[in-house]
Every structure is written in structure tokens, then in C-alpha cells.
1. Among the residues of region 418-427, write down those that are within 17 Å of I309 (Cα to Cα) and in contact (Cβ under 8 Å) with a residue 40 or more places away in the chain.
2. Could you list, in sequence order, the residues of region 234-259 that are under 13 Å from F276 (Cα atoms), among the small types (G, A, S) and crowded, with 19+ Cβ neighbours inside 10 Å?
3. Quick test for you: out of G138, G89, pick the one residue that is closer than 20 Å to G69 by Cβ, at pLDDT below 95 and crowded, with 19+ Cβ neighbours inside 10 Å.
4. Counting only residues that are modelled with pLDDT of 95 or more and part of a loop (DSSP other than H, G, I, E, B), which one in region 384-407 is nearest to L290 (Cα to Cα)?
5. When region 115-131 is examined, which residues are found to be buried (at least 23 other Cβ atoms within 10 Å of the Cβ) and either modelled with pLDDT under 95 or within 25 Å of the chain's Cα centre (by Cα) (or both)?
6. Could you run through region 243-283 and say how many residues are part of a strand (DSSP E or B) and either touching a strand residue (DSSP E or B) at 6+ places or on another chain (Cβ under 6 Å) or among the charged types (D, E, K, R) (or both)?
7. Quick one: is L451 more than 18 Å from L289 (Cα to Cα) and either within 19 Å of the chain's Cα centre (by Cα) or among the hydrophobic types (A, V, I, L, M, F, W, C) (or both)?
8. For region 427-478, list the strands (runs of 3 or more DSSP E) that sit wholly inside it and hold at least 2 residues that are aromatic (F, W, Y); which are they?
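The values are calculated or read from the model by the stated rules, or taken from the named source; none is laboratory data. Since this is a predicted model, take the numbers as computed values, not measurements. Cβ atoms come from the backbone with ideal geometry, glycine included; neighbour counts cover every protein chain shown.
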Amino acid sequence: MEKFRNILAASALMVAASSSAQIGQPYIHDPSTLALCDGKYYTFGTGSGGLISEDGWSWKGGVVRPGGGAAPDVMKIGDRYLVIYGATGGGLGGGHSGRILTMWNKTLDPNSPDFKYTEPVEVAASDGLEDNDAIDPGLLLDPKTGRMWVSYGTYFGNIRLIELDPKTGERVKGNKPIDIAIDCEATDLIYRDGWYYLLGTHGTCCDGVNSTYNIVVGRSRKVTGPYVDNVGRDMFHGGGKMVIAAGDRVCGPGHFGRTVIDEGVEVMSCHYEADFNMNGRSVLGIRPLLWKNDWPVAGDRLKEGTYEITSERRGYSLELAVDFVRMAQERERFWEMDMTKPIKPIPDQTLQEVIGTWPTGEIGVRAGDYMFRPHQHWTITAVPEAGGYLSNPYFKITIDGTERALAATQDMELTTVPTFTGAPEQLWRIEQLVDGTFRIMPKQIPGQETLNTRYVIYSAGDSTPTLAEYDFKSDNSKWNLRCLRMK
């Protein structure tokens, strides 16, 4: 594509720049869907490199992929990884003739003795004259049928669909391409609950802070389409519902990828054409993936601030287990109100007014009616030096205005300690679920040697929060965060 002029040289610079870890802001263009290999996350980019992360938050360069070219994708099939990429096309080198190739590897770790790519095999091509560019491939292994599909193409022609053999990575013999969309590129196919979704990147790229890339979607009951948006527009005639656009000082999201972490916990990956806080460089983006009325939409990265944390079970607020301190008020009988008296706002209860009534050691945690009181206000602060997970660093959760920190206990309960020390039981993984609620889990439970990925803050009763195994089907596992004040 013409928009890719000079991208190979730029990619080499980006890969070199990413040789040191970039916490949450790694430099990459056209990232593949995230792949997990031997406990590490990998994503390939345009050029010959990509990024690796041990926790999903701290990224560094080091991925190896021969063949160069642009916009690869990767998928694990059985005990092997299939890599697909566009060798030319899209305006690379000045034309629209291109080739899409596949190759296999037993591992993505370049330091493994099993690391060796097979010879690439061509699965699609464009001659530079037809209405298609053979570039930007996206893989789908249909969980219903076991068949494998590839969507590919750019603005300079149609988006096409072909079928591959998932055992060989080669084109199914006799398979003819099907045109399924226009006015987009960098497509990806996913399947969920009886629907096939075509995610396409719309707008202009490779122009830094002036790039208008955004990601749109249509869906179909058949993998071959037609892919129709939320108001009935066919993507072959320019339709598409917005999934993610510019915001939060990043612009140009493109190259969608979906990663399912757990039941009800999903993230989407992309690149941002420009991060305004990082010299306008292209960076990897990972956001919560929500599903609203069976349509995908990007959630927001959790921001530092002070929150009311309420249970989805009952709507009660997480709070310190301290005595309720009544507020003074000049009472008036409603049938005898003096309407000539001036109105005076009642100030909020302050921390200074009540903290002296609290114990000085550990204080337990309960849930109760939200009354906008100091013992119900929690400040969530990132602790990036403690590492992270896909989409966020770990956080500390403290009572607003204090260092009193929420902590997990060895007997699977909750408490608060007077001072945050950075201990793993005081660090919290906070993930937005596909329905918009959140699960909140301690990084580690005292007495356990491994990271916690099972136990969350759980409403054992309306007013009894505890730690229990995550269950997406139960509202006991879910919490809502209402921001009271940003940091």
C-alpha cells in the first residue's frame, strides 16, 4: 500500500529502539495477534522482528522472523506455530504486486534448540493490476469446523478470503478467493457465539500524529459473509461499526488481535500510529475487550484515581470495618420547614474527622451501603516496578489520603495494613471483564509460592467480601469501579 512507503527502514529503527524493555509502551508497527509460548508473550511486526514479554506488561525486542515484509500474523496449531506474512505489496517498493507466505516453527523462542523455521510457502499473490493487494493477512481457525481461513488486502482493492489446510499451512487445492470487504485493510477474523466477525482497519496510516487509523467491525453467520454492521451496512459497500478510535493521547489504532485470558476476560491488541507522550512513535497497545450486545468494543485502560468499589452482587460498597461516624445536621421537620432560611450545603465528612476513631493496626474489610464516607474511598495507584499482566501494571489499593493498604491474608480473607510495603499480597491485578465489570485479584496469597491467577475478591454474602475462586457466571466475582477523582 502507498501508505507503507519507507516503512521497512522505519521498522528497522523501531525494532532497534525496542531492544531495552519498554514498560507498556513498546515500539512496533503492524503487530500480529499475541502468541503465548513457554510462558512468554510474542508479537511479530513489520520488518523481521517483534516483541517479547514475560508478563504481558514489560516488553522488549528479540523476536526473530525471516522473510521481512509486512504485517505478519501467528497462531499456535497443535504443537507448532504457523506464521503468515506479506512479502511485498501494499506499495512496498512502489507497487501493489505482492505475495503472502506461510511457514512453521516448533517454538517462538530464538534461544531454543528447537527454533527453526520451515521454508516459506506461497498461499496468495497479487499482480499489481487486479483489485487486491496480497498483504496484511489475518488467520482464523474455525472452532466449529476446524477449517482455516485467511483474510488479506488493503485499501487498494478488495479484502479477500482464502482457505488454508491447517495441517500444512498451504492453500486448499482449488480454493478460489472471495471478496468480502472494501475501504479497509489489516483485517482479522474471529469467531464468537455463532457469529464470525471481520475486524478491519479504516483510515490513513504511517503519518504519525496525523494518522486517522481506526478499527471497525461487521459480522456474519457464515465465514464467507456478507459481513454487516450494526445498522445493516455490508462491509463490501463500506460498512463497519467502530471498535476503537483515537483517544487518551494515542491515535491511529490498527491491526486488531484478540486474546482470551480466561472465561469473560479478553484483551485486544493493536498498534497506535502515534503516542503523543512518546515522541509520536508507533507503539503496541493492549486494551480490555468488551462485548456489548454481541459487538466487540475496546475498554479503557484503568487509570489511577480514587474510586468507589461496589459489588455486582448487591451494589454494596467495599469499606473498612470501622464504626459508622454520624454527621451533624440541623434537622427540620419536613412539614414545618422555614422556606425563608438560607440554604447551606453540608460539607462531606473528612478523613481528619474520623481517622482518630479507627484502630491503628490491621483493620478488616466488609461491604455496606455507600454513604460517600472516608472509609469507603479507595485510591488505586499503579506500581509499575512490580511488573504487570496483559493491559495493566499491578496496583496498590489504599484508603484515600492514607497509606492504609488492602491486602490478602493466608487464610483467604481480606484485611488492611497500616502502611503499604510492596508485599505481593498488597498488589492487585484489576481486569475489566467482557461485560464491563471488573475482577480484582491479589498478585500472590501469603503461603503460596506462585502468582495467583485463580482467586478474586468475592462476595460470599451481601456484606462479606472474601477471596474465592473466580467464576464469570457468578456476580459474586464481579465489582464495579466508579471514579470519584482522577489522580
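1. Hit for region 418-427 is L427, nothing else.
2. Listed by number, the residues that qualify are A246, G252.
3. G89
4. Result: Y394.
5. The answer is S126, and nothing else.
6. Number of matching residues: 28.
7. For L451, the condition - more than 18 Å from L289 (Cα to Cα) and either within 19 Å of the chain's Cα centre (by Cα) or among the hydrophobic types (A, V, I, L, M, F, W, C) (or both) - is met.
8. Because the criterion is at least 2 residues that are aromatic (F, W, Y), the strands (runs of 3 or more DSSP E) in region 427-478 that meet it are 455-461.
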